[in-house]
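Have a look at the structure below before the remarks.
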Amino acid sequence: MCKPFIIFYIKYDAKALAMKTITIEDKTAKELRSHLLKELALFEGIEKRFQKKYKISLTQFEQKIKQEGVPTEKHQIWEDSIEWRNANEEAAKLRAILAGFATK
C-alpha cells in the first residue's frame, strides 16, 4: 500500500530544510526509517562521546573556544569542535526528516 510521505531535502545555500510530499510504499518507508534511525544513533553517539570527554554542552564548548581560543599545542580541541558541530547538525537534520514519518 502506498501512502503520502513528507521527505526533506537540504538547501545548502540557505542551510534550511525544505519539505516535499512524495508517495512511497509502506515497506520502503519502513526501510528508510530504519536506516535513518541507525544514522541518527551514529551521530548521537558522537555527540555523547564529546559531552563525556569535555563534560559540557556543545554550545558551552564553542563559547569557551571563542573566549579562550585554542592553544597551538591542543589542536585536537579545534578538530573535536568541528566534528562535534557536524554531528550535531546532521543529527538535527535526521530528527527533522524522521518527524515527517511521525506525521503521516
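The values are calculated or read from the model by the stated rules, or taken from the named source; none is laboratory data. What you see is a predicted model; the values in this text were computed from it and never measured. So basically every Cβ, Gly included, is an ideal-geometry build from the backbone, and we count neighbours across all protein chains shown.
Among the residues making up the stretch 39-85, those that are surrounded by 11 or more Cβ atoms within 10 Å (Cβ to Cβ), among the basic types (K, R) and under 27 Å from L98 (Cα atoms) are K48, R49, R85. If you go through the stretch 52-73 and keep only what is out of contact with any helix residue (DSSP H, G or I) (no Cβ under 8 Å at 6 or more places or on another chain) and modelled with pLDDT of 95 or more, you end up with K52, K55, T59, Q60, Q63. For the stretch 63-87, a tally of residues being of a type in the set (S, T, N, Q) and either over 21 Å from F43 (Cβ atoms) or in contact with a strand residue (DSSP E or B) (Cβ under 6 Å, 6 or more places away or on another chain) (or both) returns 3.
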